[in-house]
Amino acid sequence: MTQTIPSPFPLYGKDDAPEKSRPYLEQAEAAFGLIPNVERVMAAAPGLLAAYMTAWDQFDETTLTPAERQIVYQTANFENNCEYCLPWHTILAENSGLAPVDVEALRHAAPLSDPKQEALRVFTRDLLRTRGSVEPAALRAFLDAGYGEVQALEVVLGLGVKLMSNYTNAIAQTPLDEAAQHKAWKKPSLRG
């Protein structure tokens, strides 16, 4: 049954979603044990849902570790002020091998305890803030930390995944699923 949210964007289920979206909703349910609301919103545009799910799977196949992938995702979630994605990725980060202190640091855009992981966070943040036009020194710092050109491009892939979900959630005001409510988040003030 279609539910409405405080916007014109419905939350589709497997029974009322456009036909082309249904296999992707089933895939999301198999992966998470439920169909997250972001996929339910995206189902209105089957091409978006297909691209998102495919890009997510491709990012999982990169040379970045699960923890490093969550650093990319959480940095984007923070920078894009995604109150929907940041709680969900807190749960995923807790299961990725990141130290608890670093999981919490990502919720506040604070430095990470591992220098290499911090270089990844800063590079990701700089890519977002400069819309990809990072200074040569920023790329050099990333490479000097032990990453390569392949990982720089893989960060771009991760940011593509986050662009789709963060922007969807921003315009749709996607309600946070009950399963992630215990990790609810509001962007902290960075002043002072």
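Taking each residue of region 6-30 that is under 15 Å from Leu48 (Cα atoms) and looking for partners that are crowded, with 16+ Cβ neighbours inside 10 Å and polar (S, T, N, Q) with beta-carbon atoms closer than 9 Å, six or more apart or interchain, yields Phe9/Thr168; Phe9/Thr174; Leu11/Asn37; Leu11/Thr174; Tyr12/Ser21.
When region 8-50 is filtered for residues that are farther than 23 Å from Gly160 by Cβ, over 21 Å from the mean Cα position of the chain (by Cα) and part of a helix (DSSP H, G or I), the ones remaining, listed by number, are Glu19, Arg22.
Let's see how each residue does on (1) within 25 Å of Pro23 (Cα to Cα); (2) buried (at least 21 other Cβ atoms within 10 Å of the Cβ); (3) among the acidic types (Asp, Glu):
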| site | (1), (2), (3) |
| --- | --- |
| Val41 | yes, yes, no |
| Leu48 | yes, no, no |
| Glu68 | no, yes, yes |
| Asn77 | no, yes, no |
| Cys85 | yes, yes, no |
| Thr90 | no, yes, no |
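The helices (runs of 4 or more DSSP H) located wholly in region 72-139 that include 2 or more residues which are aliphatic (A, V, I, L, M), in the same structural domain as Asp177 (by TED's automatic domain parsing) and within 25 Å of Val41 (Cβ to Cβ) occupy 85-94. May I ask you to list the residues in region 62-80 that are over 10 Å from the mean Cα position of the chain (by Cα) and within 22 Å of Ile35 (Cα to Cα)? Pro66, the sole residue that qualifies.
The values are calculated or read from the model by the stated rules, or taken from the named source; none is laboratory data. Everything quoted here is computed from the prediction, not taken from an experiment. Here Cβ is always computed from backbone atoms with ideal geometry, including for glycine, and neighbour counts include all displayed protein chains.
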